[in-house]
1. Considering only residues that are without any contact (Cβ under 8 Å) to a residue 60 or more places away in the chain and either part of a helix (DSSP H, G or I) or within 22 Å of residue 47 (Cα to Cα) (or both), which ones fall in region 177-206?
2. From 91, 36, 49, grab the single residue that is small (Gly, Ala, Ser), out of contact with any Pro (no Cβ under 8 Å at 6 or more places or on another chain), in contact (Cβ under 8 Å) with a residue 60 or more places away in the chain and within 29 Å of residue 195 (Cβ to Cβ).
3. For region 380-413, which residues satisfy the criterion of being surrounded by 14 or more Cβ atoms within 10 Å (Cβ to Cβ), more than 19 Å from residue 73 (Cα to Cα) and hydroxyl-bearing (Ser, Thr, Tyr)?
4. Take residue 89 and tell me if it is within 20 Å of residue 188 (Cα to Cα), of a type outside the set (Ser, Thr, Tyr) and either crowded, with 24+ Cβ neighbours inside 10 Å or touching a strand residue (DSSP E or B) at 6+ places or on another chain (Cβ under 6 Å) (or both).
5. Being surrounded by fewer than 18 Cβ atoms within 10 Å (Cβ to Cβ) and closer than 30 Å to residue 62 by Cα is the filter here, so list the residues in region 244-261 that pass it.
6. Do we have any residue at all in region 243-257 that's under 22 Å from residue 49 (Cα atoms) and not β-branched (Val, Ile, Thr)?
7. Which condition number does residue 214 fail, the rest of (1) farther than 23 Å from residue 12 by Cα; (2) at pLDDT 90 or above; (3) part of a helix (DSSP H, G or I) being met?
8. What helices (runs of 4 or more DSSP H) lie completely within region 46-131 and have 2 or more residues being farther than 30 Å from residue 356 by Cα, at pLDDT 90 or above and not hydrophobic (A, V, I, L, M, F, W, C)?
Amino acid sequence: MDIETQTGLSKRTEVEIRAVLTGRRQGLGTPLLFVGPAVIVSIAYMDPGNFATNIQAGALYDYKLLWVVVMANLIAMLFQALSAKLGVVTGRNLAELCRTHLPRPLTYAMWGVSEVAAMATDLAEFLGGAIGLSLLCHLPLLAGMAVTGCVTWLMLMLGGRGFRPMELMIGMLVLIIAICYVAELFFTPVDWTAAAAGSVLPRLPDTEALTIAVGIIGATVMPHALYLHSSLTQHRVTPRNDEERGMLLRFSNREVVTALSVAGLVNMAMVITAAGAFHAGHREVADIGTAYHTLSPLLGPAAAGVFLVSLMASGISSSTVGTMAGQAIMQGFSGFKIPIWVRRVVTMVPAFAVVAMGMNATRALVISQVVLSFALPVPMVALVVFTRRRDIMGRFANTALMNGTATASAVVILLLNAILLVQTLG
């Protein structure tokens, strides 16, 4: 498809959305026009960091940590909805508002923390795609990383041709990941009663379970996704009045709930698969490579192959989205336009450094998710502060109930991080 056609696809989508906002278009397909930003963001909730933490959770603790996945996903829905609302109502993204409304020293500190989070994110995503490719094609890990870097570069170039091609491309990869994990459930023996209980009964059997729980939260509620969602909605369609803003927000909230529900179910399927396959006799399975090699004799080569396909789709798509988020963070805080290739290089360097130093790739993935959990309060607190201010949000400022729920969610994350820090320091 040529550039003009792809750019035209985005233009046609914008024109049709305007027809909906003005009441000139209705029909069953109308909601599909608004689907896109939350689908792109949802890939951050199914990235290789999720694979690493969910494999450990299921292998070590059976179904006991499923409730952490459920809680993290509900918190993610709330904050992604706030981020999308910020972009729709203000026409600016979270990083830009931080630069405008916060003291300069605080802005620089937030920028630094957010950059570390973005690099930790891309470490997990880039490594995950490379691990899947190297295992499937029997390549050295560094070669897998080089191929992954080239593929994500091509996807980013496509993203420069308008918002709709990228939305459709990421949507296809999300569908592939979801189908793969539905298939895995058919290969895996599952105790559905225990899985249901684990989803609703909060339990932390030991301190290692706490570490994994915080890693799950860090892999589920992603700092870079909170920045990115406001960036994706700020210019997609510019509302001309509060009535149009309200309509855009209603469609946005529905998309957030739907897209992140799918992501949450995929994460639960990851834990359930690991629990069913590994907990009974292979609790030592703690990394992606071992999981792949163990799945083949346990559940058959088809199950192992499906696992790698989902991992590759996850790594490639989430690395692309991670670079987009990193660019939004850097441009928003600095106020300068950053070429996408600069951002791609910046976020690739830590991943290559980890592999070159001989570190265990999956262990690096889990550690990166804990780093993300420590960085998470920065955009969470900023979102709560900005979306409650009437001078910024007008009549779309948060209600008292929304403020209370968002504040309580942020406090839960802060408490878990504090407990993990005390545990880490002995």
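1. Listed by number, the residues that qualify are 179, 186, 192, 193, 196.
2. Working: 91 fails: within 29 Å of residue 195 (Cβ to Cβ); 36 fails: within 29 Å of residue 195 (Cβ to Cβ).
Selected residue: 49, the only one of 91, 36, 49 that is small (Gly, Ala, Ser), out of contact with any Pro (no Cβ under 8 Å at 6 or more places or on another chain), in contact (Cβ under 8 Å) with a residue 60 or more places away in the chain and within 29 Å of residue 195 (Cβ to Cβ).
3. Result: 387, single match.
4. Values: within 20 Å of residue 188 (Cα to Cα): no; of a type outside the set (Ser, Thr, Tyr): yes; either crowded, with 24+ Cβ neighbours inside 10 Å or touching a strand residue (DSSP E or B) at 6+ places or on another chain (Cβ under 6 Å) (or both): yes.
Judged against the criteria, residue 89 is not a match.
5. Within region 244-261, 257, 258, 261 meet the criteria.
6. As a first pass, look at region 243-257 and keep what is under 22 Å from residue 49 (Cα atoms): 256-257.
If we keep only those that are not β-branched (Val, Ile, Thr) too, we end up with none.
Checking region 243-257: not a single residue is under 22 Å from residue 49 (Cα atoms) and not β-branched (Val, Ile, Thr).
7. It is condition (2) that residue 214 fails.
8. Values: elements: 48-61, 66-90, 94-101.
By residue number, 66-90, 94-101.
The values are calculated or read from the model by the stated rules, or taken from the named source; none is laboratory data. Since the model is a prediction, treat every value here as computed from it, not as a measurement. Neighbour counts run over all protein chains shown; Cβ positions are idealised from the backbone, glycine included.
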